[in-house]
Each structure stands twice: as C-alpha cells, then as structure tokens.
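Inspection log for the structure reproduced underneath, given as structure tokens.
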C-alpha cells in the first residue's frame, strides 16, 4: 500500500508570493465580531462592585487600564444586560469643546448653501445632537416642550422657530422629539453613555461633562432653544474610559466612581477563553502552553500587546478580554470618599 505523505508546510500556506494567480480561498468568519459580543463579557468581582457603586450613587464610572482590557466593551455589556441595548458612544478628540459633547451645527454647510442659490433649508437640518445631548433629550418624555434660551416657555409662533423648523411649521410648541426626528420613544429612557478616551480631550472637558450631567439641561443659543428635563428624569449611566495619557482634573476624579482593570492571569484568563470560544476549541494542555507563550511574549516586549487576551499558535488567534478577580478592591480601586463606605457595607453583607 502506497504511503501517504502529509502535506508540506508550504502547501498549507494561503499566500506564497507567486506570480501565478490562484483560486480564491475560503476564509472563516472573523473572530473579532464574536469576541466583542456583549453576551461574552466576563467581569471580575471588583468590577462588578464598581458598577454597583456607580449605579447606586448615580456617579459616572471612570475606568482605566491597558488598551484592550475591556473598558469600552463594558458599556455594551451593561446596556445589553440591564438597559435593553440603549447605548450611545462618543470618541473624544483633542479639539473637543463643551458644545461637542451636546450638539454640533454644520456652519460650513449653512455658509455653502447660502452662497449657492439653492432652495432654503430649515436650520434643523444642519443640527446634529451629540451622544450626551441625546441622552439628556431621551431622558425626557417625547412630548416635553422645548424652552427658549433663557428657560421661558415658547408659544410656537416665534420667528426663530420658523427659521429652525421651517416656514411650514404648524405653530404648535416644539417638543424634544422634534430635535431627534429619526428617533422614536414616548416615555423617559435611561441611556448607557460611553465617553471613550476622555484623556485625549482638553482639560476643561471632563468638568463640563459632569456639569451637564448634573443639570440634565442644555441650551442651543444659535437657535434660541433650551432642553430642560423635568424633575425626576432618569440620569444616563455614564461610563468614562481613560488610557492615562495625561492626568484628569481633581474635581472630576472626586465626583466619579473609579476602577482600574488589571490584566487577567491564570484561571481568570482560562475562564474567558472558555466563555468566548467554548471549551472544545483547545484541549487543556494546548491552552496552557499557549497561555504561557503569550504571557512570556507580552512581558518580553517593550510595549505589551493591546491586551485583548491573545493566544497565538497553530495558525489560530484567540482574543479575549477579562478582569482579574481580587478581594483588595477598596485599595486597588482607589474609591472616592463617598464610594468606600457604601462598598464596605456591601462587602460586609456579602461576606467578601
């Protein structure tokens, strides 16, 4: 019987660098979408306590940690589990200002259309409500009336309203729903708001964020309008992430719950791999060898890889995210003065 030789390593490679065109290969679906799925998030106990404190006290939750530790993914997982996937995300930039948190007006578009001689558009078409502004708007019932810039009730026939909403405006008092024509809601909604990489923003932006968060109100002076949520409106659940590229204002830090996500090791990392990919992907021996290899590679590099918990071997790449479980939460998390007593009471009740 003729001996069957296994294929050479070169034959298993997809790309050879050959000048001869070859058949397009069949590729598997990317792993990244599956690994980012909110249904696969595995929080450690310290992070669960931090989320509990932020929700109970109504404070924003500030998260730090290496890039890729799951800071951003937490917001999606929280919205998925508790808030019916109501999630808004905002990536901060170095040129951000206070208004960029709330709304943005296309001033260049207004200038362009004014000089092209085209049909006149209503000013509302140039307005885009930013995530923080949308979270405040949707915290109101959809029929909540808008106010003028000074907070006075509108009658509906002001000249500014015709400019903003169009000359064919019906004359009724505009409501918050008119600012978000593409959204449909009736009752007040609590939104999970992700402010990603806030350390990139100018130093005043974090304090401006908390001011608008506390007031649950903002004005659009260019349109002489104000959004004011009624008393008892649900505050958004704010998740703020930072890569610690620069320090944040002390006033901001004092008003946030804080948690630092550490790199997972040992059993925590094994649990994440099993939860994300299933226990049948690797046998225990191969998995342990890959974990040792990845940890050695990570520590030997001058800049550790962005901490998606990566295990590379045999042509496969496994990316996961997790948090290390530890019982030293109060000291590691650097809780604020208001946060620590509440955490202490919860820990005594739970026996942890």
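The values are calculated or read from the model by the stated rules, or taken from the named source; none is laboratory data. Since we're looking at a predicted model, the values are computed, not measured. Heads up, the Cβs are rebuilt from the backbone with ideal geometry, glycines too, and the neighbour counts pull from every protein chain shown.
Check segment 102-121 and report whether any residue there is farther than 23 Å from residue 183 by Cα and surrounded by 14 or more Cβ atoms within 10 Å (Cβ to Cβ).
Yes; the residues of segment 102-121 include at least one that is farther than 23 Å from residue 183 by Cα and surrounded by 14 or more Cβ atoms within 10 Å (Cβ to Cβ).
Quick check on segment 146-167: of everything there that is surrounded by 15 or more Cβ atoms within 10 Å (Cβ to Cβ) and under 16 Å from residue 228 (Cα atoms), which residue is farthest from the chain's Cα centre (by Cα)?
Across segment 146-167, the extreme among qualifying residues is 154.
Tell me, yes or no, whether segment 72-87 has at least one residue that is part of a helix (DSSP H, G or I), within 15 Å of residue 208 (Cα to Cα) and assigned by TED's automatic domain parsing to the domain that holds residue 242.
No, there is no match, as no residue in segment 72-87 is part of a helix (DSSP H, G or I), within 15 Å of residue 208 (Cα to Cα) and assigned by TED's automatic domain parsing to the domain that holds residue 242.
Only one of these is at pLDDT below 80, part of a loop (DSSP other than H, G, I, E, B) and either outside the structural domain of residue 82 (by TED's automatic domain parsing) or within 30 Å of residue 232 (Cβ to Cβ) (or both): 6, 21, 25. Name it.
6
Being crowded, with 21+ Cβ neighbours inside 10 Å and under 21 Å from residue 142 (Cβ atoms) is the filter; apply it to segment 228-240 and report the residue that is nearest to the chain's Cα centre (by Cα).
237
For every residue, the table says whether it meets (1) in contact with a strand residue (DSSP E or B) (Cβ under 8 Å, 6 or more places away or on another chain); (2) part of a helix (DSSP H, G or I); (3) within 26 Å of residue 184 (Cβ to Cβ).
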site	(1), (2), (3)
94	no, no, no
109	no, yes, yes
112	no, yes, no
135	yes, yes, yes
140	yes, no, yes
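Which is in a strand (DSSP E or B) and in the same structural domain as residue 221 (by TED's automatic domain parsing), of 193, 162?
193
Hey, any hits in segment 119-132 for a residue that's farther than 16 Å from residue 221 by Cα, assigned to a helix (DSSP H, G or I) and touching a helix residue (DSSP H, G or I) at 6+ places or on another chain (Cβ under 7 Å)?
yes
Quick one: would you say residue 176 is in contact (Cβ under 8 Å) with a residue 60 or more places away in the chain and assigned by TED's automatic domain parsing to the domain that holds residue 73?
Answer is no for this residue.
Considering every residue within segment 254-269, establish whether at least one is out of contact with any strand residue (DSSP E or B) (no Cβ under 7 Å at 6 or more places or on another chain), at pLDDT 90 or above and either in the same structural domain as residue 77 (by TED's automatic domain parsing) or exposed (fewer than 14 other Cβ atoms within 10 Å of the Cβ) (or both).
Yes, some residue in segment 254-269 is out of contact with any strand residue (DSSP E or B) (no Cβ under 7 Å at 6 or more places or on another chain), at pLDDT 90 or above and either in the same structural domain as residue 77 (by TED's automatic domain parsing) or exposed (fewer than 14 other Cβ atoms within 10 Å of the Cβ) (or both).
Let's see how each residue does on (1) buried (at least 22 other Cβ atoms within 10 Å of the Cβ); (2) touching a helix residue (DSSP H, G or I) at 6+ places or on another chain (Cβ under 7 Å):
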site: 180; (1), (2): no, yes
site: 190; (1), (2): no, no
site: 201; (1), (2): yes, no
site: 204; (1), (2): no, no
site: 207; (1), (2): no, yes
site: 216; (1), (2): no, yes
site: 219; (1), (2): no, no
site: 226; (1), (2): no, no
site: 244; (1), (2): no, yes
